1. Measure off 7 Å from each Cα along the Cα-to-Cβ vector at Q308 and R436, then give the distance between these two points in nanometres to one decimal.
2. Return the ratio Rg/(2.2 N^0.38 Å) for segment 170-210, where Rg is computed over Cα atoms only.
3. Between L120 and E26, what length in nm is gained on full extension when 0.36 nm per residue of separation is reduced by their alpha carbon distance?
4. Which length gain, in nm to one decimal place, applies between V161 and T399 when the Cα-Cα distance is subtracted from 0.36 nm times their residue separation?
5. With θ taken as phi - 60° and the coefficients 6.51, -1.76 and 1.60, list the Karplus ³J(HN,Hα) couplings across segment 276-288 in order, rounded to whole Hz; mark glycine and proline as x.
6. Give me the net charge of V114's neighbourhood, meaning all other residues with Cβ under 13 Å from the Cβ of V114; Lys, Arg count +1, Asp, Glu -1.
7. What spacing in nm lies between the two simple spin-label points modelled at F153 and V376, each 7 Å away from Cα in the Cβ direction?
8. Which ³J(HN,Hα) values, rounded to whole Hz and listed in residue order, are derived for segment 158-175 from phi using the Karplus coefficients 6.51, -1.76 and 1.60 in 6.51 cos²θ - 1.76 cosθ + 1.60 with θ = phi - 60°, glycine and proline given as x?
Amino acid sequence: MSESTEKSGGLDLADPYTLTADGIKEPPVGWRNSFRYLGPGLILSASIVGSGELIATTTLGAEAGFALLWLVIISTLVKVALQVELARWTIATGQPALTGYNKVPPRIGPIGWVNVLWTLLALSKLLQLGGIIGGTAAAFSILFPIVGEPLGFGSLLLWTVVLAAFSITMLYSNRYSLIERGAVALVVVFSVVTVLIALGLPLTPFGYSAGDLGSGLMFLIPAGAVGAAVAMFGITGVGADEITFYTYWCVEKGYARWVGPNDGSEAWVRRANGWIRVMYKDAAVSWVIYTFGTLAFYLMGAAVLNPQGLVPEGNGMITTLSRIYTDTLGEWAGVIFLVGAIAVLGSTMWASIPSWARMYTNLLATFGVLDWQDPVARLRWIRVFTVALPVIWGVCFMTIQSPVIMVQIGGVMTGVFLVAVVVAVYYLRRTETDPRLYGGRGFSIALGVSSVAIGLLGIYTLLSVFGLKIG
């Protein structure tokens, strides 16, 4: 999992979740020396770029035009402080997020209330990830219509089965280095092309002007776009699930193990702050990647699809989204889009399967089903979920067959759960994070702003999406 350990059957001989003096490593100083230690954020970017950017953000641009450009920017920026603060606790303690969530009172039997909400989030995410595997199957079906019509039931079923089987085969080992390298390759393929096309739109009949961009910074939400806007805020940038599973990848990269067990010494504080600074850089690189991707997808939806009245719906989502490319570059670009769509949606599958497998396993550990600190038992359960989740997601897609709605449902629930994450982060910061590791005044302000914005999102979701009224 970490680059410095040997592997045996997918299991690190030096378990990154066990902190020992033998695992201590001095942190690098500066960007150049830190670069080789980045990685968790790249897995995060792989997960983010698929569901939020390609589906939800482009759909929102198609529905609302440029009016919600401001929300795209805010949604990617405002949650980073929360992500960093939870990762700070993880690096200091060596514990992943769900272990921490379970400590937040009150508890319901063996499980904390935050993990109860996380269970509800996980159920809604079955739909969202089903939408991802479905979107990928649809792209393959159009590109290679082996059975019947390109978007017919038989073709979609075949490609869904193929994708699930391929994902299970490739990810069964659950080695960190494999997951990281695969995520990076998939993100690069589509993100570079998409950003270039978005920047080139002003040279086409679907160009946008400075006035269009200015109209998108007016902090308004058009009537009829509330549900899509809330879903996009929950999904784009780091959502509650990405904030949560980022902690697992920080541990498996080696950050916590390299800090070592907290012996209260100044040497430990120095190492911890050093590796936290590396994590800052990792999070910053990730933010740049998914922010540019998000803006690119939104601009394409607003500039190309909105003027034509095209909104991605049902299994025709991929066909509609391909109009971004065919209407801009010509019919030949449709094939490029499909290859790119497979890469970006596939990157979400690639990152999400091992991430959710770890979170489900950690949840079972809070119930006492296994000992999280037992690496053999932990890997066994992670592999069980690595096999089960793609199958369940595929069944969900074949049952509902509406990727856009499936992704938006997951996005709304993500926005609600973010409020619980805020509570958990502040609780762990106050009770378990060494004050000597706290960020400076600027970071504290950013964390406060992030928390308030997320709190307002939760309230707004309840009022607007679920139809509740005050008074």
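1. 6.1 nm
2. 1.85
3. Working: separation 94, 0.36 × 94 = 33.84 nm, distance 4.02 nm.
So the extension gain works out to 29.8 nm.
4. Details: separation 238, 0.36 × 238 = 85.68 nm, distance 1.37 nm.
Taking V161 through T399 to full extension adds about 84.3 nm, to one decimal.
5. Each residue's phi maps through the Karplus curve to give 5, 5, 5, 4, 4, 5, 4, 5, 5, 4, 4, 4, 4 Hz.
6. Details: positive: K103, R107; negative: none.
Computed value for this residue: +2.
7. In this crude spin-label approximation the distance works out to 4.7 nm.
8. Using θ = phi - 60°, the values come out as 4, 5, 5, 5, 4, 5, 4, 5, 5, 4, 4, 4, 6, 9, 4, 5, 6, 7 Hz.
A short reminder: the numbers here are calculations on the coordinates, not readings from a lab. Predicted model, so just to flag it, every value in this text is computed and none were measured. Here Cβ is always computed from backbone atoms with ideal geometry, including for glycine, and neighbour counts include all displayed protein chains.
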